[in-house]
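Structure first, then comments.
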Amino acid sequence: MIPPKQVQEILDAVRIEDVVQEFVTLRKRGVNMIGLCPFHGEKTPSFNVSPARNIFKCFGCGKGGDAVTFLREHENLTYVEALRWLARKYGIDIQEVERSPEQVAELQLADSLYIVNDFALQHFQDQLFNTDEGKSVALSYFKQRGLREDTIRAFGLGYAPEQRDLLVRRAKATGHNNDLIRKVGLSNQDGTRDFFRGRVMFAIHNLSGKVAAFAGRTMSSDKTIPKYINSPETEIYVKNKTLYGAFQAKKAIRQQDECILVEGYMDVISLHQAGIENAVASSGTSLTEGQLHLIKRNTNNLKIIYDGDPAVKLRCVVSILRLNRI
Ligand SMILES: [Zn+2]
């Protein structure tokens, strides 16, 4: 088997549009790319590729998924063959080893946690766009901050309503395992209450675009409530090795050979919407060595832009680090 670390390395490197374009001619439409579906005959394109979400979807025949799915379907490859194909394309030298039962179990758990987070993302987005509370409390907040709807969707923003157990009940009704909901931090310890309530939600993606965790910002003016809370650390979320926005920024960071580090989630999103796509945030922690290594994999140039003293707010502190010196 391919060691899990190398699987991740491959998935981190993959850009869906690169892979699809080996087989299908695509053109830009808005934030997405479209082309003629290779899976069913058509004359007008309904085959969509979303670089932001790293997935494809055909609105004609319904086929969709990530780059691995695309290769499996299009080239008739197994999962491992698809990974080998991608490794070759991206110049990753894989060293295959025997997989232990523990490793199998670990991979299965990680997959399950991603599935639960994906369910939660859809729930939070549904609450944001399709409920009165979501629209009046959260969507209006994002819009006041100048965010467009395509940006809100690309960054996986959402809303967790005040209600005490809506997500927990929905998860149960749709057959999700209660233990996994608790493990990934979406409920309290006994699994009866939602962890995030009355908060606008920020999905925290891993480098391959899967939702690893969430951050929630309170909409209450009550000063005793913490402004931000985050998912706990899990098998799929290690805080000091995660940079907010890195998935959306990695292409621009490589292209421009520079990474901009800002303080908050909203800073990353607003900059991205304004066309400055190489910004990330360290999300609540001070910059760690693990995060620096993550940046260094893509560029040696780091520009840090933090707000100055909030009482002054006249200038921001800008420093430029040359990462090849660390
Ligand atoms: Zn199709």
So is VAL137 touching a residue at least 24 places away in the same chain (Cβ under 8 Å) and exposed (fewer than 15 other Cβ atoms within 10 Å of the Cβ) or not?
no
Out of the residues in the stretch 35-65 that are within 10 Å of the ligand (Cβ to nearest atom), part of a loop (DSSP other than H, G, I, E, B) and hydrophobic (A, V, I, L, M, F, W, C), which is nearest to ILE204 (Cα to Cα)?
PHE59
Residues in the stretch 24-34 that are surrounded by 15 or more Cβ atoms within 10 Å (Cβ to Cβ) and either outside the structural domain of THR69 (by TED's automatic domain parsing) or more than 11 Å from the ligand (Cβ to nearest atom) (or both): how many?
4
Of the residues GLN291, GLN248, GLN255, only one is at pLDDT below 90, crowded, with 18+ Cβ neighbours inside 10 Å and within 27 Å of ARG53 (Cβ to Cβ); which?
GLN291
Within the stretch 263-288, residues assigned to a loop (DSSP other than H, G, I, E, B), touching a helix residue (DSSP H, G or I) at 6+ places or on another chain (Cβ under 7 Å) and of a type outside the set (S, T, N, Q) come out as GLU277
All positions within the stretch 194-219 that are assigned to a strand (DSSP E or B) and in contact (Cβ under 8 Å) with a residue 60 or more places away in the chain
VAL200, MET201, PHE202, ALA203, ILE204, VAL211, ALA212, ALA213, PHE214, ALA215
Given the conditions (1) in contact with an Asp or Glu (Cβ under 8 Å, 6 or more places away or on another chain); (2) within 12 Å of the ligand (Cβ to nearest atom), which single one is not true for PRO3?
(2)
Any chance you could count how many residues in the stretch 220-252 are under 19 Å from ASP267 (Cβ atoms) and part of a loop (DSSP other than H, G, I, E, B)?
4
With the checklist (1) touching a Pro at 6+ places or on another chain (Cβ under 8 Å); (2) away from the ligand (no atom under 16 Å from the Cβ); (3) not in a loop (DSSP other than H, G, I, E, B) in hand, flag the one item SER112 doesn't pass.
(1)
Residue list for the stretch 11-26, restricted to those being part of a loop (DSSP other than H, G, I, E, B) and hydrophobic (A, V, I, L, M, F, W, C):
VAL14, PHE23, VAL24, LEU26
May I ask you to list the residues in the stretch 82-101 that are surrounded by 13 or more Cβ atoms within 10 Å (Cβ to Cβ) and part of a helix (DSSP H, G or I)?
ALA82, LEU83, ARG84, TRP85, LEU86, ALA87, LYS89
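The values are calculated or read from the model by the stated rules, or taken from the named source; none is laboratory data. Please read all numbers here as calculations on a predicted model, not as lab measurements. Cβ: placed from backbone, ideal geometry, glycine included. Neighbour counts: every protein chain shown.
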